Structures are given as C-alpha cells and as structure tokens.
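Please read the structure below before turning to the comments.
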C-alpha cells in the first residue's frame, strides 16, 4: 500500500488544490499535514491577528476533511523534522506541497528536499497553487523577471490558465498518525476587535456574494473609501483558502477586467520577490535616502500608528487597521505616502507596523507595495507624493469614511471634515482632535531636499 503526505502551508483549502489531488490520484492514502513551524516566529508572521485567522482556517480545513472521511494532522516544531517524522510514521513514498516565493520558503524547500531524499522519499512541489501564473512562467527577453507591471500584465494575460480542480469526495487517512489539538482564536489575546473570520467556507461564501453583488461595480467603485466596495478577499488569498486560479477564471467570466488586473498585481509582486528575495528588507532600487532618525521621527511615527496625525483621511485609515486588522487599498496608499514622503520615515518602519496588524500581511505584497509607494520599488514615478487632503476630497467627498473611523469629528458636515484645523470659535468647540503634526508644504520641501530635487 502506497502512502503520501500533503503538506499544507499557504493553501488551506480543498477546492482547486493540485498537491492534494496529485497525492490522492497516485497513492492509496494520504496524510494531510500542517506544521506550526517555529522558524516562522522569526519571520514576523506569528502575530495575533494572523494566528487567529490561521486557527479558523485549520479548524475549517479539518472539518472539510472529516466530511470526506479524513482529518488534518497538526504538528509543532521544525517543519523539516516534523515532515520527516510523519513520513516515517506513515511509511510514505512522496510528499506534495505548494511552491512559494520568499527566501524563507526557498530555504525550507531545499532543506526538506534534501532530508526526504536521504530517506528515499520524493518531494513534489506544485506551481499555480498560491499564484495564478507561476513566478518563472513570464520572463522578459533580457532579465529573470519583469520590473514594470504593464509589460508583465500584457504577457501574464496571454498565459493559459489550468482548469480549477473540484474538491475531493473522499480522503483516506491512515490510522495511528498522531496529531496535536487544533488551535483556536479563543486562546489568543491582542486581537483587533473587528477581525474577520477565516476558513475556506467563509472565503467561498464571501466570493459567492462578491460575484453576485459587488464585482460588476468594482472598476467604478474600488477607490470609494466609504462605500467599502472592494472584495475583502485578500486574507483568503493570503492563507490560500481561495484559489487565485479559480478567482481569475470566475472574474474573467464576469467581465471584471479591473479586478483581474489586481490579481495580476499579486502575481507580479511574487515574481519580483522570487527573483530578488532581498527586496523583502532592502531597497529594490535605492534612492540613497537619508531617512529621519528615530529620535527625530519617533513622535511622528507614534502619531501615525495611533491615527492622530491631524490629517483625517490618514487617521481614519490607521484606525481602521487597528480595529479590523485590515485596511482599504486606497487607505494603504495614502498612509504609506504620508509616512514615507510627508514624514520622510523609512518604509520598513511602516511595513513592519502593517505586518504586525494586517490579517492579510504578506511578504511579497506588503513589502513591495510599501517600496512602490516609497519610491524604492518598481514605481516608474518614484517621487510621486499623494496629498492627503486632495485625496480625501476625491475618494471620500462627503466625509463618511472619516466620520466612521474618527468619531470625534462626527458632527462636522460634508467635506469640512477633511480640514478641521480651519475651524474657528464655536465651530471648533468640543472637538478633541489634534492639529496636523506637519504642514504639507514643509513635508514636501523636506522630501524634495532629501531626494535632491530642490
């Protein structure tokens, strides 16, 4: 009797799961395994919001497997050691897993391959599980990756996608393979109050609702801060409870080209990081910035983190992050521009804060989006600065988003909420809200001097 292990990582689903399908098709039984890898603690992943969402995902995955006659095996420790232990216990011939792009994932894969091969076990790594198009599938003529999105997207759009796979009807798991108890979010503290629920069932429910009621208006409304008209599927893409291949297929059938383009951005960042893993912490394209020192910037950073900069759209977005562990994409651009360009603070400070809270905190998307906004990444206009007042008037014209997240300004009417420092006398009375921590012209002048654009 032949056996295999399916190692789940960032692919916590049963629908459209090539490693699981390959394992089931080629063997008599399979051990679905998830390892709570201690090494991940050092990568910044193990923060309360993501651990809670992960716990939801694992419990849901286990429930789905049990409905099909199987179960999820959970272990803790060094991932390579634990996979090898399970492989020996079940006397398996093969281990299947999804490809990933970070430097940590590459090192993990190589260690695992070497350890398994020394025991006579084959490791199969499957592409297009966490991406729609594999990172190395789209290459320019003279480089190992595309550094600009538009030509990448043109080639990405021409790639044939595999057909999504149905969830298996039956999963046969051998007896006698021990498992730890499933984690629960109830064991955790420090969670954002409005944190979303994880798991494949929840993800598919959100996807169904999005395809029915939201996706048709995405192109026109995705920047509407108050309308909250984005899919909110990013945490499910991050944890792999939804398949990017399936999403591209279904969005394309709906004619949602703008949404497909956003999915392509996700793959774009992964092919950049796969080729340049150092970009997770180092400038992709250095601008020789002389970022403000901690002593000069600490108070400003604290005000930014807590949502009390005096710029209402920035503060609203930062407070949404604190409460939900998630932020609207337009808010992410605005808050990143404000920190890196207006306050001239190192993008790594902002990226770290986002990773501490975002349930969809993802090395490729988070770090490279921060670099894009800081001008050290793939943006072809590295010195662009987003004016928070102008942006607020454009994307929150009635001030509804600000009033939702900055309740001390709730009595202000219309767009006046975006410049409360202009209020005088009785209009200002009773409003406990700070003045701006920096004047926009001063911040812009400092940035231009630093970048040598006087």
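The values are calculated or read from the model by the stated rules, or taken from the named source; none is laboratory data. This is a predicted model, so every value here is computed, not measured. Cβ placement follows ideal geometry from the backbone for every residue including glycine, while neighbour counts extend to all protein chains displayed.
Looking across 245, 171, one residue alone is surrounded by 19 or more Cβ atoms within 10 Å (Cβ to Cβ) and touching a helix residue (DSSP H, G or I) at 6+ places or on another chain (Cβ under 6 Å). It is 171.
One line per residue, one yes/no per condition, for (1) under 28 Å from residue 52 (Cβ atoms); (2) assigned by TED's automatic domain parsing to the domain that holds residue 215:
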{"site": "256", "(1), (2)": "no, yes"}
{"site": "263", "(1), (2)": "yes, yes"}
{"site": "281", "(1), (2)": "yes, no"}
{"site": "301", "(1), (2)": "yes, no"}
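In a helix (DSSP H, G or I), surrounded by 16 or more Cβ atoms within 10 Å (Cβ to Cβ) and under 21 Å from the mean Cα position of the chain (by Cα): does that describe residue 108? Answer is yes for this residue.
One line per residue, one yes/no per condition, for (1) modelled with pLDDT of 95 or more; (2) surrounded by fewer than 24 Cβ atoms within 10 Å (Cβ to Cβ); (3) under 26 Å from residue 11 (Cα atoms):
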| site | (1), (2), (3) |
| --- | --- |
| 351 | yes, no, yes |
| 356 | yes, yes, yes |
| 360 | yes, yes, yes |
| 365 | yes, yes, yes |
| 369 | yes, yes, yes |
| 375 | yes, yes, no |
| 378 | yes, yes, no |
| 385 | yes, yes, no |
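Which of the numbered conditions does residue 139 fail, given that it passes all the others? Conditions: (1) surrounded by 15 or more Cβ atoms within 10 Å (Cβ to Cβ); (2) more than 22 Å from residue 30 (Cα to Cα); (3) in contact with a helix residue (DSSP H, G or I) (Cβ under 7 Å, 6 or more places away or on another chain). Every listed condition holds for residue 139 apart from (3). Residue check: is residue 102 at pLDDT below 95, closer than 28 Å to residue 367 by Cα and either outside the structural domain of residue 40 (by TED's automatic domain parsing) or touching a strand residue (DSSP E or B) at 6+ places or on another chain (Cβ under 6 Å) (or both)? Considered against the rule, which asks whether it is at pLDDT below 95, closer than 28 Å to residue 367 by Cα and either outside the structural domain of residue 40 (by TED's automatic domain parsing) or touching a strand residue (DSSP E or B) at 6+ places or on another chain (Cβ under 6 Å) (or both), residue 102 comes out as no.
Looking at the range 52-95 only, could you name the residues that are in a helix (DSSP H, G or I) and surrounded by fewer than 18 Cβ atoms within 10 Å (Cβ to Cβ)?
Answer for the range 52-95, where residues must be in a helix (DSSP H, G or I) and surrounded by fewer than 18 Cβ atoms within 10 Å (Cβ to Cβ): 59, 63, 66, 67, 81, 85, 88, 89.
Just one residue in the set 333, 322 is within 19 Å of residue 360 (Cβ to Cβ), outside the structural domain of residue 152 (by TED's automatic domain parsing) and free of Cβ contacts under 8 Å to residues at least 60 places away in the same chain; that residue is 333. Filtered by the rule that a residue be within 11 Å of residue 335 (Cα to Cα) and not in a helix (DSSP H, G or I), the range 283-325 gives 307, 309, 311. When we screen 411, 403 for residues that are in a helix (DSSP H, G or I), in the same structural domain as residue 308 (by TED's automatic domain parsing) and more than 27 Å from residue 146 (Cα to Cα), the only hit is 403. Considering each residue of the range 273-294, count those that are more than 16 Å from residue 373 (Cα to Cα) and surrounded by 21 or more Cβ atoms within 10 Å (Cβ to Cβ), and give that number. Going through the range 273-294 one residue at a time, the tally reaches 2.
Here is a yes/no grid of residues against (1) under 23 Å from the mean Cα position of the chain (by Cα); (2) touching a residue at least 24 places away in the same chain (Cβ under 8 Å); (3) on the phi < 0 side of the Ramachandran plot:
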| site | (1), (2), (3) |
| --- | --- |
| 162 | no, yes, yes |
| 169 | no, yes, yes |
| 176 | no, yes, no |
| 184 | yes, yes, yes |
| 188 | yes, yes, yes |
| 195 | yes, yes, yes |
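Taking the criterion of being touching a residue at least 40 places away in the same chain (Cβ under 8 Å), over 25 Å from the mean Cα position of the chain (by Cα) and not in a helix (DSSP H, G or I), no residue of the range 388-397 qualifies. Selection within the range 411-428: residues that are farther than 13 Å from residue 396 by Cβ and surrounded by 12 or more Cβ atoms within 10 Å (Cβ to Cβ). The member of this set that is nearest to the chain's Cα centre (by Cα) is 420.
Summed over the range 111-123, residues that are in contact with a strand residue (DSSP E or B) (Cβ under 7 Å, 6 or more places away or on another chain), surrounded by 15 or more Cβ atoms within 10 Å (Cβ to Cβ) and outside any loop (DSSP other than H, G, I, E, B) total 4.
Hey, does the range 344-357 have a residue that's closer than 29 Å to residue 197 by Cα, under 12 Å from the mean Cα position of the chain (by Cα) and without any contact (Cβ under 8 Å) to a residue 40 or more places away in the chain? Looking for residues that are closer than 29 Å to residue 197 by Cα, under 12 Å from the mean Cα position of the chain (by Cα) and without any contact (Cβ under 8 Å) to a residue 40 or more places away in the chain, one finds at least one in the range 344-357, hence yes.
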